[in-house]
């Protein structure tokens, strides 16, 4: 854990020119604030403040409700999301120990609560900057698919699996998302309809 935190701190320093350039791009393309902050559930449900680059404008309808994500995402934001560069400020969370390099993506506390036993099982490890569901389809998957993949990771995690996820993350950043064959089998076995429910 200490090695991961130190590596994140070094990465933050090394990437500071890139972070500054992206911050300037966001400032010009969509204005302030540059960073998005939100309370998320960490290991064992402990709350922390997630930090990432903002990719959407705060646009609401006449009733004060936020417009759909697609309508609020800017061209700059779409680029940041597609390339995963919006996640770079999360290195601060890794350096602090809130997150790991690899693990399930941090979810809202109410989402973890709604998942019941699956949420508690998923929270046995620290959330990560990237994870198994992120390299297996991510936006092509629904929440239940992602949870099935996250739970598979929790049960099968290893150094070698983490290295594979890290390398495949670079591939996703460069080539885009696709649903992996192995993920399809994990999803088919791990969806709630295939399990004896314990989160009633």
Criterion violated by residue 116 - all others in (1) surrounded by fewer than 20 Cβ atoms within 10 Å (Cβ to Cβ); (2) over 12 Å from the mean Cα position of the chain (by Cα); (3) under 15 Å from residue 40 (Cα atoms); (4) in contact (Cβ under 8 Å) with a residue 60 or more places away in the chain satisfied: (3)
With 97, 90, 131 as the choices, which residue is at positive phi, touching a residue at least 24 places away in the same chain (Cβ under 8 Å) and buried (at least 16 other Cβ atoms within 10 Å of the Cβ)? 97
Tell me, yes or no, whether the stretch 111-119 has at least one residue that is within 13 Å of residue 1 (Cα to Cα) and in contact with a helix residue (DSSP H, G or I) (Cβ under 7 Å, 6 or more places away or on another chain). no
For residue 51, state whether it is in contact (Cβ under 8 Å) with a residue 40 or more places away in the chain and within 19 Å of residue 128 (Cβ to Cβ). yes
Residue identified as in contact with a strand residue (DSSP E or B) (Cβ under 9 Å, 6 or more places away or on another chain), surrounded by fewer than 20 Cβ atoms within 10 Å (Cβ to Cβ) and within 19 Å of residue 81 (Cβ to Cβ) among 168, 157, 178: 168
Can you tell me which residues in the stretch 23-52 are assigned to a helix (DSSP H, G or I) and under 19 Å from the mean Cα position of the chain (by Cα)? 43, 44, 45
Only residues in the stretch 168-190 that are within 21 Å of residue 78 (Cβ to Cβ) count as the first member; pair them with residues that are part of a helix (DSSP H, G or I), Cβ under 7 angstrom, at least 6 apart or cross-chain, and list the lot. 173/83; 177/138; 177/139; 177/140; 179/140
Test result for residue 78, modelled with pLDDT under 95, out of contact with any strand residue (DSSP E or B) (no Cβ under 7 Å at 6 or more places or on another chain), farther than 29 Å from residue 27 by Cα and not in a loop (DSSP other than H, G, I, E, B): no
Restricting to the stretch 106-130, count the residues that are assigned to a loop (DSSP other than H, G, I, E, B) and either more than 17 Å from residue 166 (Cβ to Cβ) or modelled with pLDDT under 95 (or both). 7
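The values are calculated or read from the model by the stated rules, or taken from the named source; none is laboratory data. As the structure is a computational prediction, the values presented were derived from the model and not from experiment. Note that each Cβ is placed from the backbone with ideal geometry, even for glycine, and that neighbours are counted across all protein chains shown.
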